[in-house]
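Where a number appears in this text, it was derived from the coordinates with a stated rule and is not lab data. In this text, all values refer to a predicted model and were calculated from it rather than measured experimentally. All Cβ positions, glycine included, derive from the backbone under ideal geometry; neighbour counts span all protein chains shown.
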Amino acid sequence: MDKLLFGISGLPLGDGKLKFTYKSAITYLKSIGLDAMELPFVRSVNVTEKNKNEILEEKTKNNFYLSAHGSYFINLNADEPIKQEQSIERIIKGAKALSLVEGKSLIFHPGFYLNDSHKETYNTIKENLLKLPDIGVFYRLETTGKPTQFGDIDELISLCNEVKTCKLCIDFSHLHARDNGCLKEYDDFIKILDKVEKKLGREALEDMHIHLSGINYGLKGEKNHLPFEESDFNYKECLKAIKDFNVKGCIICESPILEHDAILLKNTYYNL
Ligand SMILES: [Zn+2]
């Protein structure tokens, strides 16, 4: 990608009166200066043969970027094999729907450790990721917000090196919450980006997918998302590190005040 795009997760808030469709959401987000939206396939896949044409038309007309967030009901390390198979099916279903509107990145949380060791979990998840077909959509593995969820930065970088259809989604707020508020200063963010560059190459930073939000957390990790100004997440230093590394790709804002905070991020980034 030749630049860094800013967008939101799901439909915008707007004035609170108007109910958006994906089509009208694209028009609205573009009109307020945003470039991207992550389609929430988290409970159901809601891009179909019926609405795909109007979404695609609006996307093309506005030169807009679409990604999608896969189902919340995915555990590639579930105890029961049937649940692993169902997880794979849900991922494929999301990827196929996203490809109908020419999206390229399906983001999801790969699974939970449950009672397995980190190494066993890694291997099971890797075997399942290798079963995913290459349909022109990258399977973006997201860093997770709780220590019981598989997906710290090292595990995911390693999977991206081993499974060629997989790419990274860095959720810095999750990483912060996962380790009880570990990302405090500029250097903390730099270390992560430096690691990605060293292990996945410059090309990973040229097409990066990032989630950002204010976040509430405790010893067990993530509790809930917050507006940036109500949280200790240091989005300014995070954006500074992203800018200094010349990261390209897409930043999706997951704050409860969606487009308002996405614009805050965009303005902050361009005023650095
Ligand atoms: Zn997520």
Residues satisfying the stated conditions in the range 113-124, i.e. among the charged types (D, E, K, R) and either farther than 30 Å from K220 by Cβ or part of a loop (DSSP other than H, G, I, E, B) (or both): D116
I want to confirm something. Restricting to the range 106-124 and keeping residues that are closer than 15 Å to I88 by Cα and out of contact with any strand residue (DSSP E or B) (no Cβ under 6 Å at 6 or more places or on another chain), which single residue is farthest from the ligand (Cβ to nearest atom)? T124
Those helices (runs of 4 or more DSSP H) completely within the range 10-112 that have 2 or more residues that are at positive phi are none
Please verify whether the range 39-48 includes one or more residues that are under 17 Å from H260 (Cα atoms) and touching a His at 6+ places or on another chain (Cβ under 8 Å). no
Unique residue being over 17 Å from C169 (Cβ atoms) and buried (at least 18 other Cβ atoms within 10 Å of the Cβ) when the list is K223, K266, K184: K266
Does the range 152-168 include one or more residues that are surrounded by 21 or more Cβ atoms within 10 Å (Cβ to Cβ), out of contact with any strand residue (DSSP E or B) (no Cβ under 9 Å at 6 or more places or on another chain) and on the phi < 0 side of the Ramachandran plot? no
Restricting to helices (runs of 4 or more DSSP H) lying wholly in the range 125-229: which have 1 or more residues that are away from the ligand (no atom under 15 Å from the Cβ) and in contact with a helix residue (DSSP H, G or I) (Cβ under 9 Å, 6 or more places away or on another chain)? 153-162, 186-200, 202-206
Taking H260 as meeting all but one of (1) within 25 Å of A25 (Cβ to Cβ); (2) within 16 Å of the ligand (Cβ to nearest atom); (3) surrounded by fewer than 23 Cβ atoms within 10 Å (Cβ to Cβ), write down the number of the exception. (2)
